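Presented below is the structure to which this report refers.
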Amino acid sequence: MSNRHDRGVISRYRSYLPVSDATPVVSLNEGSTPLIYSAKLSSLVGREAEVYVKYEGLNPTGSFKDRGMTMAISKAVERGAKAVICASTGNTSAAAAAYAARANIACVVLLPAGKIAAGKLLQAFIYGAKVVAIEGNFDEALRLVRELGADGRFEIVNSINPFRIEGQKTASFEIIDELDEAPDLHILPVGNAGNITAYWKGYREYREIGKAGTLPKMLGFQAAGSAPIFWGHVVEKPETIATAIRIGNPASWEGATTAIKESGGGIDVVTDEEILQAQRWLAAEEGIFVEPASAASVAGLMKYVSQSEEATPLLKNLPLAAKIVLTVTGNGLKDPEAPTVHGFKALEAAADIQSVARVLGVN
Ligand code: F0G
């Protein structure tokens, strides 16, 4: 049992991670996020399926990136790094800035100008990162980061840093630890493709040591306007309302295709409209508020259950009592533009009981 100063994913899964006594653990008690059973999604799938939502928005900086960042920053400090750098669509930069702050090292983040959700931008600033807005997209920012990191002045903490993948694989461990077996199907949004790569690594490793008897099929969803893996070619000008996955040339492309092929899974797309609808549905029906990119996994499942069985052999071929896990990757509060996007508007009333009763229709 870990002590109260030591509760993050490195402490919980130390023996499965490349750390040693020489690694100074930089943690914010990330991980151990809830795996929430969804009765409504289960009944949408039908048969005897059980659907669970892995709510990664409850990590310390509000996304799954904290799992990888505790590893990347701890190893950077171990190696004596004084500064880290990353390109980001917003969540990686939030996590990098927070963990760098905790480690007393500098952090530089390169972000596509005008395409970062306001909450994430605020995070980078408030945690003390040096923020550079690039007149270009994420793929261009990552290319610059690779160049800037080449001479060792900065430690790169994007998921091209293998320690990021190591940390993120702990989400699979948690799922198996909780279900006592691997799910039959795992659905998640795909952007730079580090996470699908990491989950697959985690599932495989846990099976190799006998913690699970089977492996899940891995099913990734990209936004329709940013779907290079689905189309099989780079998308020069990716677009989607889900800015977190607005990526046209994923760094872990190969990791994603390996996970999909080896697991017998798939990659597919959802439209912005389907994403927003799923975001709203998950909040209003299950009380789980996620950012648009995260809703891609829910949108994907909904798309599949609404299609004919022939169109979705992946679902059709699952066992009757299939266990399905959906990762929802980031917290909805990161993106405060949602009221405008969804067209929400409060009822308005004067501060007297008659007016309030009138707008509520209860007078
Ligand atoms: N969901 C959210 C909320 C994300 O922020 C990201 C990626 C993904 C899904 C996709 O994960 O890249 O491992 O396939 N965000 C990165 C960032 C690119 O910079 O924050 P992936």
Q: Among the residues of region 76-93, count how many are within 9 Å of the ligand (Cβ to nearest atom), touching a residue at least 60 places away in the same chain (Cβ under 8 Å) and assigned to a helix (DSSP H, G or I).
A: 2
Q. Out of (1) among the aromatic types (Phe, Trp, Tyr); (2) farther than 22 Å from residue 16 by Cα; (3) more than 15 Å from the ligand (Cβ to nearest atom), the odd one out for residue 221 is which?
A. (3)
Q: Grab the helices (runs of 4 or more DSSP H) fully contained in region 104-197, keeping just those with 2 or more residues being over 30 Å from residue 324 (Cβ atoms).
A: 118-126, 138-149
**Q.** The lone exception for residue 36 - which of (1) surrounded by fewer than 24 Cβ atoms within 10 Å (Cβ to Cβ); (2) in a loop (DSSP other than H, G, I, E, B) it fails
**A.** (2)
**Q.** Sole residue being surrounded by 24 or more Cβ atoms within 10 Å (Cβ to Cβ) and not small (Gly, Ala, Ser), chosen from 298, 235, 269
**A.** 298
Q | Sole residue being buried (at least 24 other Cβ atoms within 10 Å of the Cβ), over 19 Å from residue 295 (Cα atoms), near the ligand (Cβ under 9 Å from one of its atoms) and touching a residue at least 40 places away in the same chain (Cβ under 8 Å), chosen from 250, 183 | A | 250
Q.
Criterion first (away from the ligand (no atom under 13 Å from the Cβ) and outside any helix (DSSP H, G or I)) does residue 27 satisfy it?
A. yes
**Q.** Pick from region 94-109, criterion surrounded by fewer than 24 Cβ atoms within 10 Å (Cβ to Cβ) and without any contact (Cβ under 8 Å) to a residue 40 or more places away in the chain, ranking: farthest from the ligand (Cβ to nearest atom)
**A.** 104
Q: From 130, 201, 217, 169, grab the single residue that is basic (Lys, Arg), surrounded by fewer than 15 Cβ atoms within 10 Å (Cβ to Cβ) and modelled with pLDDT of 95 or more.
A: 130
Q. Helices (runs of 4 or more DSSP H) wholly in region 255-360 with at least 1 residues that are more than 17 Å from the chain's Cα centre (by Cα) and within 16 Å of the ligand (Cβ to nearest atom) - which ones?
A. 272-286, 338-342
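The values are calculated or read from the model by the stated rules, or taken from the named source; none is laboratory data. Keep in mind the model is a prediction, meaning the values are calculated, not measured. Neighbour counts are summed over all protein chains in view; Cβ atoms, including those assigned to glycine, are modelled from backbone coordinates with ideal geometry.
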